[in-house]
Structure formats: C-alpha cells, structure tokens
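> Here it is: the structure, laid out below.
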Amino acid sequence: MSLETTVPAAPSQQPPKLPPFKALISRLAVNPLGGVVAALVIIFGASCALSPHFLTTFNMVIIARALAFIGLVTIGQSILMILGELDLSVGAIGGLAGVVGGILMVQLGLNPWLSLGLCLLMGGACGLLNGALITQLRLHSLVLTIGMAGVYGGANLVATKGVAITGVPRDITFLGRGLVMGVPVPFLVLLVCLAIVAFVMLRTPVGRYIYAIGSNPDAARMLGIRVNAIRMGAFALAGFLSALAGILMVARLGTAQPSIGDTWVLGPIAAAVIGGVATTGGIGSPIGAVLGAVIIGIIEDIIVLFGISPYWQSVVSGGIVVLAISFDALARRYLNRDAV
Amino acid sequence: MTVLQIEAVRKTYPGVVALDHVDLTLEPGKIHILAGENGAGKSTLIKTLTGLVVPDEGAVLIEGRDALHDRTLFEKVAYVPQELNLFGPMTVAENMFMPFNRSGFGHLTVSRRAMEKAAAELIKRFGIHAKPGQFVNRISVPDQQLLQIARAACREEFKVLILDEPTSSLTANETEHLFRIIRTLRDDGCAIVFVSHKMEEIFALGDTVTVLRNGRSVGTYPMREMTEDQLIRLMSGSSVPLEEKFQPRVVATESDVILSVKDMSGPGFSDASFVLRRGEILGFAGLVGAGRSELMQTIFGYLRSTGGHAFLEGEEIPKGRTDRAVALGMVYLSEERKHHGIFPLLSVRENISLSVLDRMKRGGIISSARENEVVADTIRQFDVRTSSAGKKIAHLSGGNQQKAIIGRAMARRPRVLIFDEPTKGIDIGTKFQIYRIIQQLAEEGVGIILVSSEMTELQRCASRIITMYSGRITGSFDQATTDVNTLVGAIIGAPENRHVA
C-alpha cells in the first residue's frame, strides 16, 4: 500500500469572519446539543422576562419535580430511539408498576423497600418482554408496543378496577415529596440516572454499539455486535426507568392512581426530538433528550403562570414545541444560504 | 454533428475541485466511454450532463442550445444511475411509467390496462423476465437493472442515454444481452455515455473514450487506437504492472486446516464442504446467484443454516451467531458496502474503532487515547483519504470507504477473513492496493477466502479455486495448474469438467 501521508489536515483555513450573530448560530449548529441549548436559553430568558413569578425557588422546585417523572421516561425512550426503536407502552408500564407497588405495600403489607424493588424488576421484565417479542418474532416495535400498552394498561385496570389505592407508607412518600438541600428527591434520582446512562452511552463500548445499531443494524450484525441482546437490554432499561417514574409518582401522590403514566408516551418522544434525537435512529443523546423535556416543562409552567385558559394550553405548548424543533433546521438553512 | 457539448466546465466543492475545465462532445450513434479512477470526477461530470449539478463556469449545450438557461433541454438526457432506484412495492408497469405523464395514460386516472400493454412491449424489447403486473421487489436484481434501463429509455424524446456501471450485478449472459440493446439504441441514433471499471466491457462496447483524472480531462481518444495498458496508464497516471500476481509466497501445508465446513446447507445452497488452510487464499468462483455469498454469510452466522457444521480451529461456530464467529477470529467483509459495511451516521473514527472497542477499554471505559492511536494507524496504513478522522464516513468516496472497512477488519487481527467481492466498483489503482493487503495477510498466516466474479482477480490472487454452480460446489482446482476454460466450465455447470484437484 502506498505510504502517501493522509495525516488529518491541519485545521483547514482561517475560520471565515462571520458577523457576531451568525458566528453564534454557527457555533450552536455545529455542536450536537447546540440547538436544544440555544432553545432552552431563549425560552428560559423569555420566561424570566415575561413573569416575575417564574424565577423563584418555589416555581423552580415545581418545575424540577414535574420534570423528574417525564425525564426518567425520556431517558429510556431516547435510547430506544437512538437504536431505531420506539416503545409506546412505557406509560402503561409506569402505571402498572405504580399500582402493583400500591397493592404490595398497602393491600399485602409488604416491606415498602422490597415492594419498590419488586416493582422495578417487574417494569424491567415488562420491557424485556417487549424486546424479546420484537427481536424473536421480528415485529415492528411501534405496532407491538401499541398492543402491549393495551395489555399492561388492562392489567392495571384488572388489578385496581380503576380505583386508586390510598395509604402509601410514609417511608416511601419521602421519595416523592422530600427535598434534599432544597432539591426535590425525584429530580435527584433523575440526575443520577441520567449521569449513569449518559456515561454508558458516550464512553463505553455498549453505548457505541447502540449508535452503530441505530445507524445500520445489518452492518452491526456483520461486525459481530449482539444486536438482539442490546435491543432487549434497551427495552428492559426503558421499562425499568418507567417503573421507577411510576413508583416515584405513587410516592409523591401518596396514592397509587391507575391513571399514572397516561401522559408519558408522547411527551418524551417530543422531548427527545427537541433534544436532537433522530426518529430514524443513530443520532442524538439522552442528555439532549432530557434538555428537551426541560423545555417542555418550562413551557407548561409558564402557561400556568400566565393563566392561559386551559383550553388553549395545549395549542400554545404544541406550537412552541414545533418552533423549538424547527430551530435546528432553520439555523442550518440560515448558515447555508450564502455558504459554498 | 453533436448532440451534447460541454465546454470548459468547472465545478468546485468546499475544499475540492471536482471538475477543472473539462470538455466533452457527444455524437449521435456513438458509444462514449467515461473512464477514470474513483474520485476522478466521473459522477460530477455525469450530474452536469443530466442537469443535476450546475457548473460554476463553462457551458452545457444540447443540440446547440444553452441548456443552463433552458433547463427543459435536459429532458433529452436519460440517465440510469448505478444504484437501483425503483419503487419496490409497485408493479413493473407502474415503475416503468412513473410519474404516468409520458404516453397519455390519462391525466387524472391511470389506466392499468393501457399501461401494462405498453409495458409488455418494453419488457419484450429489453428481455426482462417479468410480467407487467408483478411487484418489482419480487423480480431478480438483474431484471430490476434492466427495468431501470427500460424506464429511462422509454421516454420518446431522449437523445442521450447515460449508463453508470449498469453491469455490476449482471451475469455474463445478461451483460451480453444488455450490450445488444445498447448497440441497437446506438444504431437508432442515440448518443450513449457508458461508465464502467471493467476493461473487457469498455473495449467491447466503446467507440470513443474520455479519460478523467483528478477532475481534469486527460484526453478523448477513439477506442480503436487504444490498448488496455495505455488506458490504465492514462487513468492512473502511472503504469500498473498488469501481470503482477498476488499469490502468497509461502505455501500452505496440508495439515494446517484453520476452517473446515461440513455439509453446510442454507438459503440458496446445499451440502457445501470444504477446508481452508492457514496462509492460503481460497478463491470462490461462480455466477451471480450461485450461492457463494449465501454460503459465506451462513458460515459466518449472519444467515441461518438448515444443516451442517463449520469449525474454526476445531471449535464449532454456533448457528446464527455472528458475535461468536467474530470472537473465534473470523471476519466477513460483505460486497454490500452500503448495507452491510459502513455506518453512515458515524464518523470515520467511530466506524473504524467499532470492531475493536472491546480491546481498547480500561475499566469498561473506552480509552480515547488508544482509540485515536488505532484509528490514526489504520488511516495511515490503509491510505484512507479523509480530511479528518471526525468526518462522517458517508462523505468519503467509495474506494476510501472500502479501505476504511478493510482497515477496520484488519484492526481486529482475524484468523480467517472472508472477502466478498472486495473490489466491486473500485478503481484499478486501489484494487491493486487491496490485492497487496490480501497477499500480505495470507503470508502472515491468516486464512483468506476470496469470493469474486472476476476470473482475472481469482487467477491473480487465489492459490486454490472452488467453483460453485446453482447452490452446489462443483470442484476445487489448483490455480497454477488449471486453465480458465476448465474453471468457466465448472461455474456454468458443464458436467464433464467436474474433477477435483
């Protein structure tokens, strides 16, 4: 083979001089998290300017606590999306885990911590079942998980007959309501989970394999990557995190509501897309996805602060979500307009 | 008389000059060959001819009129891309006439009967083995290729037909058939542009040849005055020793079996048994569809076997487990670079390091320092031309993607390596680089299987050649003592030629 050198070229040419605004946009567009961070800064800044009640400790605690549940589900969903999969039963798994927790703790009087562990295991097992069916029967994840959402959601109603289970023990409610140094416990749980998952995604072989599978699953198998095992693992993780969110929600409410998790399906997907995760797989990161969830959380909060009519709330929040995901595309078009 | 002419066309992309003052004149009734290595500017030139690329400088004249101003003139140029570009879940007839505005199938409704009747004629004319109402994803790849050509050629108004490597998935017979069609079109007065890397095709078909090198036109010559040697020299800018052989110089010993396959059966082949020795280059010859790739993918665990066993140094490779095959030291390089090779969304660095991540972790964490080291080594050693390791691999040329993938496989230090058509669509300079890599590996003791449809490639590299016909192994021949006719007989299934060396 030739010895012609192909050492990576020195940073090519002087960066062309851009007007400051364009330079900022350009820097944001290059960084994969740039789009979501920019959108977050703008929305946060606008919220501070618009409402004096926004940047208060009280309000921040509310946002952080609300964010925790959606955030946990978002982490799991974003990994599945990077893999090129989707799980529409995460909400149902969260709800089922919550009521199973309630039954174990209240009706059967089991040790709360043991119950919690069992619920998490059950959530993981539900996710694993999804993954096993998808990989072994070669089903499309979207269709299968719609069906499984019905199964898990139905099991929830069978177990509870639609009635909430009250009287959750006190040592558990701390997990949902407590503050540690002013920070809500569920939010801390979210941060810990996000840190672990992000580390695995960015710095370990398994994380790389996940991106590789999302980019080209056939080529991944050709390289000897255990594609199906990783897929099943990711579904199990998503189920586990949903169950964690479900049980934390029970702890926060003090009752196991059968309706927990009903709204956890589309929000996390939107959050992941806002955060730069491609719906086609291979691109994005769980950090971006959670930042996307933060954006949605702020939007929903500011709508309440403004006292916008509840009928209009979803119109406004949906519209802002569309704006946020457009940022990336718009920035790129703006930069390319007179490039080349 | 000219039908299409481009003058001093220049096109630059950030950091590259793709075309540098290129001239080209196409005459009706002539087959014009475009030759050049990967990255010489052929694709950009073709895209300029079809109007997909607007040049920075220069003129494009179609029938003497400026096509850059009147873009409807580009409708006279029909283009058949190299990659299949059909609607799989639609019928042959629908594919042919998409978007249904060509020959009066109604403006609001589509008459299936009229369309299928018109399609039947074209199917006959182009010798496609399909019915008008058949779904395209149910017909064979060669037929799809012909359909694609028929689709381009069924437009009445075209004056120029551009074919970009149309034979890459055709067998010899189908190629001959296609050539007859191309010659008919030429005799009807069509100007044809033909791009191919295969010398025999260029010489069988061409009237004129234009050679491109590094974005410049080296010249246009009548084919009659051209020899193979000359053409290669013009393309590469230096002479490539055509007679060079790449058989490993160390002879494999009988006892040194590294891979043994017993009675393997799977999709498209059955009862395959053979052994591979350490340091040997074992060629697999056969027609497209003889089951060679399927056999290899089944041994590797990518496809499921329906019977038989494969042992790598005595250890059985479990069925359907590519991860076990890789762990045992086997690597398979697919001919489908796009589908089975590259990870388009990932960088060159990530693409290369992916195969060896498990070996460069410290305490479970990928060590960036070691990763960068391995990647830089691979890029240097395999001459992967990229501006940086962080560039997305999808932005590299085909030849450089292939070198990156081979480098990735090598970084794994395999004991058995299967190359499936490693030089498909690769220019001759890079081809020889790849042969040298294969030879060097064999001499280091790696067992190598080389699946190839090019007889010259097998004769140049393989020490032993196994032939397959219609899903069965028909013979095993010592390369040095077997003539081409015997091999060809075995791959087309002539029974009298069966013997085992």
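> Can you name the residue in the range B:456-488 that is of a type in the set (Asp, Glu) and not in a strand (DSSP E or B) and, of all such residues, is farthest from residue B:436 (Cα to Cα)?
Ranking the candidates gives B:483 first.
> Assess whether residue B:402 counts as being assigned to a helix (DSSP H, G or I), closer than 30 Å to residue B:275 by Cβ and at the interface with chain A (Cβ under 9 Å from one of its Cβ atoms).
In short, no.
> Something else: Looking only at the range B:334-380, filter to residues that are more than 9 Å from every other protein chain (Cβ to nearest Cβ), part of a loop (DSSP other than H, G, I, E, B) and not polar (S, T, N, Q); which one of those is farthest from the chain's Cα centre (by Cα)?
The residue in question is B:363.
> Would you confirm, using the coordinates I've provided, whether residue B:231 is farther than 29 Å from residue B:128 by Cβ and under 21 Å from the mean Cα position of the chain (by Cα)?
yes
> Checking the structure you have, find out if any residue of the range B:407-420 is acidic (Asp, Glu) and farther than 21 Å from residue B:300 by Cα.
There is no residue in the range B:407-420 that is acidic (Asp, Glu) and farther than 21 Å from residue B:300 by Cα.
> Is one or more of the residues making up the range B:445-457 within 13 Å of chain A (Cβ to nearest Cβ) and either buried (at least 20 other Cβ atoms within 10 Å of the Cβ) or in contact (Cβ under 8 Å) with a residue 12 or more places away in the chain (or both)?
The answer is no; no qualifying residue exists.
Here is a yes/no grid of residues against (1) of a type outside the set (Gly, Ala, Ser); (2) over 25 Å from residue A:231 (Cα atoms):
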residue	(1), (2)
A:65	yes, yes
A:76	no, no
A:83	yes, no
A:86	yes, no
A:89	no, no
A:92	no, no
A:97	no, no
A:100	yes, yes
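> Identify, from the list A:174, A:199, the residue that is among the aromatic types (Phe, Trp, Tyr), surrounded by fewer than 15 Cβ atoms within 10 Å (Cβ to Cβ) and within 12 Å of another protein chain (Cβ to nearest Cβ).
So the residue among A:174, A:199 that is among the aromatic types (Phe, Trp, Tyr), surrounded by fewer than 15 Cβ atoms within 10 Å (Cβ to Cβ) and within 12 Å of another protein chain (Cβ to nearest Cβ) is A:199.
> Specify the residue that is surrounded by the most Cβ atoms within 10 Å (Cβ to Cβ); the eligible residues are those in the range B:172-223 that are basic (Lys, Arg) and over 18 Å from residue B:155 (Cα atoms).
This residue is B:213.
> Does residue A:220 satisfy being more than 30 Å from residue A:118 (Cβ to Cβ) and not in a helix (DSSP H, G or I)?
Considered against the rule, which asks whether it is more than 30 Å from residue A:118 (Cβ to Cβ) and not in a helix (DSSP H, G or I), residue A:220 comes out as no.
> Mind checking which residues of the range A:253-268 are part of a helix (DSSP H, G or I) and surrounded by fewer than 24 Cβ atoms within 10 Å (Cβ to Cβ)?
Answer for the range A:253-268, where residues must be part of a helix (DSSP H, G or I) and surrounded by fewer than 24 Cβ atoms within 10 Å (Cβ to Cβ): A:253, A:266, A:267.
> Could you tell me whether residue B:408 is within 11 Å of chain A (Cβ to nearest Cβ) and surrounded by fewer than 22 Cβ atoms within 10 Å (Cβ to Cβ)?
No: the conditions fail for residue B:408.
> Kindly check whether there is at least one residue in the range B:198-209 that is in contact with a Phe, Trp or Tyr (Cβ under 8 Å, 6 or more places away or on another chain) and among the polar types (S, T, N, Q).
yes
> Among what's in the range B:167-189 and is in a loop (DSSP other than H, G, I, E, B) and modelled with pLDDT under 85, pick the residue that is farthest from residue B:95 (Cα to Cα).
B:171
> Would you point out the residue of the range A:104-117, among those that are among the aliphatic types (A, V, I, L, M) and over 23 Å from the mean Cα position of the chain (by Cα), that is surrounded by the most Cβ atoms within 10 Å (Cβ to Cβ)?
A:105
> Where residues in the range B:381-396 are facing chain A (nearest Cβ under 9 Å) and among the hydrophobic types (A, V, I, L, M, F, W, C), which of them is farthest from the chain's Cα centre (by Cα)?
Across the range B:381-396, the extreme among qualifying residues is B:389.
> Could you list, in sequence order, the residues of the range A:269-281 that are β-branched (Val, Ile, Thr), within 11 Å of the chain's Cα centre (by Cα) and not in a helix (DSSP H, G or I)?
A:277 - this is the single residue of the range A:269-281 that is β-branched (Val, Ile, Thr), within 11 Å of the chain's Cα centre (by Cα) and not in a helix (DSSP H, G or I).
> Note down all Cβ pairs under 6 Å where the first residue falls in the range A:141-166 and is surrounded by 19 or more Cβ atoms within 10 Å (Cβ to Cβ), the second is acidic (Asp, Glu), and they're at least six residues apart or on different chains.
Note: pairs meeting the criteria are A:141/A:85; A:145/A:87.
> Which of the numbered conditions does residue A:218 fail, given that it passes all the others? Conditions: (1) more than 14 Å from chain B (Cβ to nearest Cβ); (2) of a type in the set (Asp, Glu); (3) touching a Ser or Thr at 6+ places or on another chain (Cβ under 9 Å).
Just one mismatch for residue A:218, condition (1).
> If I filter the range A:15-34 for residues that are more than 26 Å from residue A:182 (Cβ to Cβ), out of contact with any His (no Cβ under 8 Å at 6 or more places or on another chain), within 14 Å of chain B (Cβ to nearest Cβ) and modelled with pLDDT under 50, do I get at least one hit?
yes
> Let me confirm something: among B:318, B:267, which residue is at negative phi, in contact (Cβ under 8 Å) with a residue 12 or more places away in the chain and within 14 Å of chain A (Cβ to nearest Cβ)?
B:318
> Separate question: Can you confirm whether the range A:172-195 contains a residue that is free of Cβ contacts under 8 Å to residues at least 40 places away in the same chain, touching an Asp or Glu at 6+ places or on another chain (Cβ under 7 Å) and assigned to a helix (DSSP H, G or I)?
Looking for residues that are free of Cβ contacts under 8 Å to residues at least 40 places away in the same chain, touching an Asp or Glu at 6+ places or on another chain (Cβ under 7 Å) and assigned to a helix (DSSP H, G or I), one finds none in the range A:172-195, hence no.
> Give the residue, chosen from B:331, B:326, that is part of a strand (DSSP E or B), facing another protein chain (nearest Cβ under 10 Å) and at pLDDT 90 or above.
B:331
> Looking at the range A:45-59, which of the residues that are of a type outside the set (Gly, Ala, Ser) and under 14 Å from residue A:300 (Cβ atoms) is farthest from the chain's Cα centre (by Cα)?
A:54
> Just one of (1) crowded, with 23+ Cβ neighbours inside 10 Å; (2) aliphatic (A, V, I, L, M); (3) within 17 Å of residue A:80 (Cβ to Cβ) trips up residue A:194, so point out which.
The one condition residue A:194 does not meet is (1).
> Among B:290, B:272, B:325, which is farther than 22 Å from residue B:461 by Cβ, surrounded by 18 or more Cβ atoms within 10 Å (Cβ to Cβ) and of a type in the set (A, V, I, L, M, F, W, C)?
Only one candidate qualifies: B:325.
The values are calculated or read from the model by the stated rules, or taken from the named source; none is laboratory data. The shown structure was predicted, so the numbers you read here are calculated from the model rather than taken from an experiment. Don't worry about glycine lacking a Cβ; one is built from the backbone with ideal geometry, like all the others, and counts go over all protein chains shown.
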